[in-house]
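Report on the structure given below.
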Amino acid sequence: MQRIRVLVVEDSIVFRELLVQNLSKDPAIQVVGTARDPFEARDKILEYKPDVMTLDVELPRMSGIEFLRKLMPQYPLRVVVISSLSDKVFDAMQAGAVDFVAKPSVSNRSQLEEFIKNELLVKIKIASTAKIGSIKKKVLVQTENHLSVQNNGLIVAIGASTGGTEAILEVVKGYGTDIPGIVVVQHMPPGFTAMYAKRVNDICRIQVKEAETGDRVLPGQMLIAPGGDRHMQLVKVNGSYQVECKRGPKVNGHCPSVDVLFDSVAKVAGNKAVGIILTGMGGDGAKGLLAMRKAGARTIGQDESTCVVYGMPKVAYDLGAVEHQEKLSDIAGRTYALLNKMR
């Protein structure tokens, strides 16, 4: 099997060497070069033509984000960003990065090695399969969709992974304040979900927050499951939808898990729900979406042509869980069309 050619861009000598040493232990990886800053990285990209580049956000001479903005339109490349806890990572995703990981402390060597083995290596392998293309400047278009039926008891559930931060944003830009309450699981490291919720909240018409146990699911509002060690489930209390965020083991390798959310929506909301599965590697959410459809919910899957990674939506489609397969730009409109058929 051909190895994945990786370029490591990192200004810290210690961290850079640790990355190279530990990535090189994997037989599927070939570290073809390293760079200390974007200017050196530019030359190494042309020289080595890597399959995947790991990129620190904070770099000398030019930030990693500015480098991405300049690089991607001219030389599309699969990039995994390594970032400290900062909302700058979402600027990197918007600029064309495939995925990101949270940068660990460099003081504990064993923790660093675990991070590289269990997180970064996985992201690199997923990124190597991701679809990339020329980055086009996006114009914020908020589609005028309207709900013509009463909102009573309706709910929208969304699940996504690799490429999902931008995909979710693209979908909810098309939702107005009349949209039923939305619950979301996006695979993301701890700490980043609150920043992502604020970012989406500032851009879209709906209200968005990181979920907490007891939060009510209200029209015109989206609740995003917190990253870390808690699953989010839908519950009904005194006739109203709420969420519970409880600690639990990983499901399908993830916590929070899309399947856990979708299963709870199937049980609690039944035929009053719309389930949406977006871009991502693996099969998390596929069985849950099937449970939703069997319970009478309407379901949507992102199509292959617009997915960064056509994994989760494909598994769901193959299981028969997807009722409507749509391009990313058409999912908001399809959501309203389905909701308007519900009573």
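The values are calculated or read from the model by the stated rules, or taken from the named source; none is laboratory data. Owing to the predicted nature of the structure, the values given are computational and were not obtained by experimental measurement. Here Cβ is always computed from backbone atoms with ideal geometry, including for glycine, and neighbour counts include all displayed protein chains.
Conditions tested, residue by residue: (1) touching a helix residue (DSSP H, G or I) at 6+ places or on another chain (Cβ under 7 Å); (2) assigned by TED's automatic domain parsing to the domain that holds D87; (3) on the phi > 0 side of the Ramachandran plot.
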site	(1), (2), (3)
Q186	yes, no, no
K209	yes, no, no
L223	no, no, no
N238	no, no, yes
Q242	no, no, no
N252	yes, no, yes
V268	no, no, no
Review point. Scanning for something part of a helix (DSSP H, G or I), of a type outside the set (V, I, T) and in contact (Cβ under 8 Å) with a residue 12 or more places away in the chain, does segment 172-187 turn up at least one residue?
Key: no
Exercise for review: Count, please, the residues in segment 26-35 that happen to be over 27 Å from the mean Cα position of the chain (by Cα) and either basic (K, R) or assigned to a loop (DSSP other than H, G, I, E, B) (or both).
Suggested key: 1
Review point. Which of (1) in contact with a Leu (Cβ under 9 Å, 6 or more places away or on another chain); (2) within 28 Å of H146 (Cβ to Cβ); (3) buried (at least 18 other Cβ atoms within 10 Å of the Cβ) does M222 not meet, given it meets every other one?
Key: (1)
**Study point:** Among the candidates V260, V243, V268, residue that is crowded, with 19+ Cβ neighbours inside 10 Å, in a helix (DSSP H, G or I) and either within 21 Å of the chain's Cα centre (by Cα) or of a type in the set (A, V, I, L, M) (or both)
**Key:** V260
Review point. Which pairs have Cβ atoms under 6 Å, sit 6 or more apart or on different chains, and link a residue in segment 99-110 that is within 25 Å of L68 (Cβ to Cβ) to one that is at pLDDT 85 or above and assigned to a loop (DSSP other than H, G, I, E, B)?
Key: D99/T162; A102/P189
Practice item. State yes or no: is G301 outside any strand (DSSP E or B) and small (G, A, S)? Key: no
Point to revise | The lone exception for N340 - which of (1) touching a Ser or Thr at 6+ places or on another chain (Cβ under 9 Å); (2) closer than 23 Å to R216 by Cβ it fails | key: (2)
Exercise for review: Could you tell me whether D259 is closer than 19 Å to G164 by Cβ, in contact with a Lys or Arg (Cβ under 6 Å, 6 or more places away or on another chain) and not hydrophobic (A, V, I, L, M, F, W, C)?
Suggested key: yes
Review point. Which one of these is touching an Asp or Glu at 6+ places or on another chain (Cβ under 9 Å), modelled with pLDDT of 95 or more and surrounded by fewer than 18 Cβ atoms within 10 Å (Cβ to Cβ): K131, K125?
Key: K125
Study note, to complete from the structure: Looking across segment 325-343 at residues that are outside any helix (DSSP H, G or I) and within 21 Å of the chain's Cα centre (by Cα), the single one that is surrounded by the fewest Cβ atoms within 10 Å (Cβ to Cβ) is K327
Revision key, fill the gap. Of the residues in segment 296-343, those that are hydroxyl-bearing (S, T, Y) and either closer than 22 Å to I155 by Cβ or in contact with a Gly (Cβ under 6 Å, 6 or more places away or on another chain) (or both) come to T299, Y317, T335, Y336
